[in-house]
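Heads up: the structure comes next, in structure tokens.
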Amino acid sequence: MPLPPNLRERLQKLHRDTRGGWSDATRGGAPHKPILLLAVMDLIEAGVIRENAIAFDERLLSVFDQYWTACRGDLPTNPLQPFWYLKGDGIWRHVPRPGQKQVLDALTLGGRVPPRRRFQEIVAGARLDPELFEAMKHAAGRAELRRLLFGRYFGDELQAALAARHGLVVESVHCESALRRRLERELADLFAGDGALGQEFTEEGRSMAFRAVVVEAYGHTCAVCGARVRTPSGRSAVQAAHIVPFSVCRNNDPRNGLALCPLHHWAFDQGMLGVTDAYAVKVHAYAEELPADEGFRALKGRGLRLPADGRIHPAPVALEWHRRHVFQGAG
Ligand SMILES: [Zn+2]
């Protein structure tokens, strides 16, 4: 069923900021709104969003960020802006939390984007125009919408990059589900690689899924120091480390993973940090010789911050391999 003409028109006339020096790559305007709609569509396609209730959550932010990165590299941005302003284009309306309708109405009249926390207190999510949601639920509708958004808001080169990103996003969400299902079984052989997943998904898709599952399980928190740093766009400083490097075992099982901040990820990969089978931090004896490094030495013996779900805790076989081949030092 083709898109109704009035809906097409609204989608073609999204109000965008054109003053920010936007190039032809985004047809001279800010790409935030079309990108947000592409992200919503991907989550519907992947079965993450099933009802017409779009939450402003980590999931949406991470997919938005995928597209944003393809558009504007590493420039920071605030995805709450398009989430807020899309209501003015007749694309969706915000759904207030219980008892917050009047507050939301007053805020809407004020026009400006509220601070993130305030927004989350007042707004439960967004409800798409019902015809648009209907179109997004079907492959043909999504294909037509994507053609429209790509053609109207992006130059040829960027269209190709976004199309590739779309494939990867949907693939990685499916792969995340597959990785989570693996946790229901014992880890058979860490060194046997990703097995059947390798036929089903690309290496990049598996790597994205590994990162998403591990970092989410640890609540975006470094297992060693507890750092939890996020940008307003939802980008997390915390990384997913393979305990046995992927180049060695080719296994993205989340039990071969640890969420670590960039410093502790680096130190873990360099063998300056190890982890005991009881999940306590080991610090290489060399740290004793480092000047002015009490902070690092103080990590010794500290318990890892692990997810509540024990099924995803690091596999002892992985930690043992790391101690033997990477850590090596006493401590
Ligand atoms: Zn850390």
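Quick notes on this one:
- Residue count, segment 298-331 (criterion: open to solvent by 60 Å² or more (accessible area, probe 1.4 Å) and not polar (S, T, N, Q)): 13
- Ala267 vs. criteria touching a Leu at 6+ places or on another chain (Cβ under 6 Å), open to solvent by less than 30 Å² (accessible area, probe 1.4 Å) and not acidic (Asp, Glu): yes
- Contacts under 6 angstrom Cβ, first residue in segment 255-284 being β-branched (Val, Ile, Thr) and within 14 Å of the ligand (Cβ to nearest atom), partner open to solvent by less than 10 Å² (accessible area, probe 1.4 Å) and part of a helix (DSSP H, G or I), 6 or more apart: Val275/Leu319
- Scanning segment 200-225 for residues that are under 10 Å from Cys261 (Cα atoms) and open to solvent by 20 Å² or more (accessible area, probe 1.4 Å) yields His220, Thr221, Cys225.
- The listed residues are Gln100, Gln66, and the only one of them that is among the polar types (S, T, N, Q) and either farther than 27 Å from His174 by Cβ or surrounded by fewer than 18 Cβ atoms within 10 Å (Cβ to Cβ) (or both) turns out to be Gln100.
- Any hit, segment 124-146, residues being open to solvent by 20 Å² or more (accessible area, probe 1.4 Å), closer than 23 Å to Gly219 by Cβ and assigned by TED's automatic domain parsing to the domain that holds Lys13: yes
- Taken together, the residues in segment 218-247 that are more than 16 Å from the ligand (Cβ to nearest atom) and in contact (Cβ under 8 Å) with a residue 24 or more places away in the chain amount to 9.
- Listed here are the helices (runs of 4 or more DSSP H) enclosed by segment 170-286 that have at least 1 residues being more than 19 Å from the chain's Cα centre (by Cα): 196-200, 246-249, 262-269.
The values are calculated or read from the model by the stated rules, or taken from the named source; none is laboratory data. Small disclaimer: the values here were computed from a predicted structure and weren't measured. FYI the Cβ positions are ideal-geometry reconstructions off the backbone, even for glycines, and counts take in every protein chain you see. The protein model used for the area step is the full one, side chains on, heavy atoms only, and it has no ligands, DNA or RNA in it. Shrake-Rupley method; radii C 1.70, N 1.55, O 1.52, S 1.80 Å.
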